[in-house]
Amino acid sequence: MHASYFSDPRKTRGRLVAEEESAHRTCFQRDRDRIIHSSAFRRLKHKTQVFVEHEGDYFRTRLTHSIEVAQVARTMSGALGLNEELTEAIALAHDLGHTPFGHTGEDALDALMQPYGGFDHNAQAVKIVTSLERHYAEFDGLNLTWETLEGLAKHNGPVTGELPHALSGYNARHDLELHTHASAEAQVAALSDDVAYNNHDLHDGLRAGLFSQDDICELPIVGDAFAEVDRLYSSLDATRRMHEALRRVFGIMVSDVIATSRENLAKSGATCAQDIRDLGRPVIMFSDDLWRDLKVIRKFLFTRMYRAPSVVEMRVRVTRIVEELFPFFMQNPNALPLQWHVEGASELELARDVADYISGMTDRFAQQEYDRLLG
């Protein structure tokens, strides 16, 4: 049963280019399906989460991460009486703008783009789905609904100050009301991202041997989960023990968000989706106690995983790839594929085209282009 403040597809603010509605799918289902069929979504298969894509078949990629986020988001959205299709669409698209090599690639590209307005993966996701995907006869992009685009643009809350170029151009044509919080569905998608990576980074770090099960048993939430598994199953092998414990950690996070958010929503007095936007504060949240515990876990992961020597060594290597590809294409625009090379483009226009091209690369394609062009 839907809550009064769910995003009703019958009341959508529509698409930039008007289209006849589907006889079989709601507008938000169509958004989700267009995202899944997009080229950018398929490329997430070969984009890094933490470990470079080819380092091991078991590690998460941006694609598997996005699917996990969408699964969590649907569960929480359904439990809160929200629109699961809209939540899922935003969750599946939230990482479309990521560069190759994860946040390391983004940091490198943002630094290179500082003279030209910088680079932001959230804004880039909006640019991809409103411009860079070019498959449809009547429009560039995917022509998604206002509600899905709003959720992508406000992935981390209201967008204030000077807007990234990748976002400002579209927002001028189709006002996404960037000064407000997003719908409850978008907030669920954003917090589902936190739930997913807090859990799977522990899993991937264990599998990579960056820390041990004994190490993470010292952490809040995690230690209690392992203790419960050991009490119930005294002779599990290490792999099953890890899985059983971490699925409990996962469940604790999801249940906490649902309970806390249900209380926030009840207190909000919201009677429609717009009321959620107008509250001036988020409603989908972890409890204060769990948030404190998660900060301890995040600090551990930062030290033992994101700054582990082997990961730092990889960061240095892949940063060099981005740092050398960008100036190469700036100096040799004819080396860009035809669809990316615009004759007579200004330096600013060329830089943005180069950033779009590099950010769309998969890990392996970026490595191949680096080897081919720069040896």
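The values are calculated or read from the model by the stated rules, or taken from the named source; none is laboratory data. Everything quoted here is computed from the prediction, not taken from an experiment. Positions of Cβ are generated from backbone atoms using ideal geometry, with glycine treated the same way; all protein chains shown enter the neighbour counts.
Scanning the range 167-203 for residues that are part of a helix (DSSP H, G or I), among the charged types (D, E, K, R) and in contact with a helix residue (DSSP H, G or I) (Cβ under 8 Å, 6 or more places away or on another chain) yields Glu185, Asp193, Asp194, Asp201.
Taking the conditions exactly as written (in a helix (DSSP H, G or I), free of Cβ contacts under 8 Å to residues at least 12 places away in the same chain and under 26 Å from the mean Cα position of the chain (by Cα)), does Arg320 satisfy them or not? If you could, list the steps in order and put the result at the bottom.
Details: in a helix (DSSP H, G or I): yes; free of Cβ contacts under 8 Å to residues at least 12 places away in the same chain: yes; under 26 Å from the mean Cα position of the chain (by Cα): yes.
Yes: the conditions hold for Arg320.
From Leu191, Leu265, which residue is in contact (Cβ under 8 Å) with a residue 12 or more places away in the chain and out of contact with any Leu (no Cβ under 8 Å at 6 or more places or on another chain)?
On the way: Leu265 fails: out of contact with any Leu (no Cβ under 8 Å at 6 or more places or on another chain).
Leu191 is the lone residue from the list that is in contact (Cβ under 8 Å) with a residue 12 or more places away in the chain and out of contact with any Leu (no Cβ under 8 Å at 6 or more places or on another chain).
Consider the range 361-375 and keep the residues that are among the hydrophobic types (A, V, I, L, M, F, W, C) and surrounded by 12 or more Cβ atoms within 10 Å (Cβ to Cβ). The one that is farthest from His165 (Cα to Cα) is Leu373.
Just one residue in the set Phe302, Phe286, Phe250 is touching a residue at least 24 places away in the same chain (Cβ under 8 Å), outside the structural domain of Asn83 (by TED's automatic domain parsing), of a type outside the set (D, E, K, R) and in a helix (DSSP H, G or I); that residue is Phe250. Out of Ile284, Ile297, Ile358, one residue alone is farther than 30 Å from Asp224 by Cβ and surrounded by 19 or more Cβ atoms within 10 Å (Cβ to Cβ). It is Ile358.
Within the range 144-167, take every residue that is touching a residue at least 60 places away in the same chain (Cβ under 8 Å) and surrounded by fewer than 21 Cβ atoms within 10 Å (Cβ to Cβ) and give me the one that is farthest from Arg10 (Cα to Cα). Full working, then the answer.
Keep residues of the range 144-167 that are touching a residue at least 60 places away in the same chain (Cβ under 8 Å), which gives 144-148, 151-152, 155, 157, 165-166.
From the residues that got through so far, the ones that are surrounded by fewer than 21 Cβ atoms within 10 Å (Cβ to Cβ) too are 146, 157, 165.
Details: Trp146: 13, Gly157: 25, His165: 32 Å.
Only one residue tops the list, namely His165.
For (1) on the phi > 0 side of the Ramachandran plot; (2) part of a helix (DSSP H, G or I), each residue gets a yes or a no:
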site	(1), (2)
Gly81	yes, no
Thr87	no, yes
Leu92	no, yes
Gly97	no, no
Ala108	no, yes
Ala111	no, yes
Ile128	no, yes
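Residue count for the range 104-143, restricted to those that are in contact with a His (Cβ under 7 Å, 6 or more places away or on another chain) and surrounded by fewer than 20 Cβ atoms within 10 Å (Cβ to Cβ): 1. Among the residues of the range 215-238, those identified as over 13 Å from Asp293 (Cα atoms) and part of a helix (DSSP H, G or I) are Asp215, Ala225, Phe226, Ala227, Glu228, Val229, Asp230, Arg231, Leu232, Ala238.
Residues that are of a type in the set (A, V, I, L, M) and either touching an Asp or Glu at 6+ places or on another chain (Cβ under 8 Å) or assigned by TED's automatic domain parsing to the domain that holds Leu112 (or both) were ranked within the range 331-343; the one that is surrounded by the most Cβ atoms within 10 Å (Cβ to Cβ) is Leu336.
Mind listing whichever residues of the range 4-53 are part of a loop (DSSP other than H, G, I, E, B) and either at positive phi or among the small types (Gly, Ala, Ser) (or both)? Steps first, answer last, please.
As a first pass, look at the range 4-53 and keep what is part of a loop (DSSP other than H, G, I, E, B): 4-8, 12-14, 16-26, 37-38, 47, 49-52.
Scanning the range 4-53 gives Ser4, Ser7, Gly14, Ala18, Ser22, Ala23, Ser38.
For Arg277, the conditions (1) within 30 Å of Leu82 (Cα to Cα); (2) buried (at least 20 other Cβ atoms within 10 Å of the Cβ); (3) more than 28 Å from the chain's Cα centre (by Cα) all hold with the exception of (3). Of all the residues in the range 144-166, those that are under 16 Å from Ser7 (Cα atoms) and in a helix (DSSP H, G or I) number 7.
From the set of residues in the range 22-49 that are surrounded by fewer than 21 Cβ atoms within 10 Å (Cβ to Cβ) and hydrophobic (A, V, I, L, M, F, W, C), which is modelled with the highest pLDDT?
Within the range 22-49, the first condition is being surrounded by fewer than 21 Cβ atoms within 10 Å (Cβ to Cβ), and the residues that meet it are 22-26, 29, 33, 36-37, 39, 42-43, 45-46.
When the remaining residues are screened for being hydrophobic (A, V, I, L, M, F, W, C), the result is 23, 36.
Values: Ala23: 90, Ile36: 98.
Ranking the candidates gives Ile36 first.
Applying the condition of being of a type in the set (S, T, N, Q), over 22 Å from Glu68 (Cα atoms) and in contact with a Lys or Arg (Cβ under 9 Å, 6 or more places away or on another chain) to the range 177-225 and asking which residue is surrounded by the most Cβ atoms within 10 Å (Cβ to Cβ) yields Thr180. Selection of the range 139-160 for residues being under 16 Å from Arg30 (Cβ atoms) and in contact with an Asp or Glu (Cβ under 8 Å, 6 or more places away or on another chain) yields Gly141, Leu142, Asn143, Leu144, Thr145, Glu147, Thr148, Gly151.
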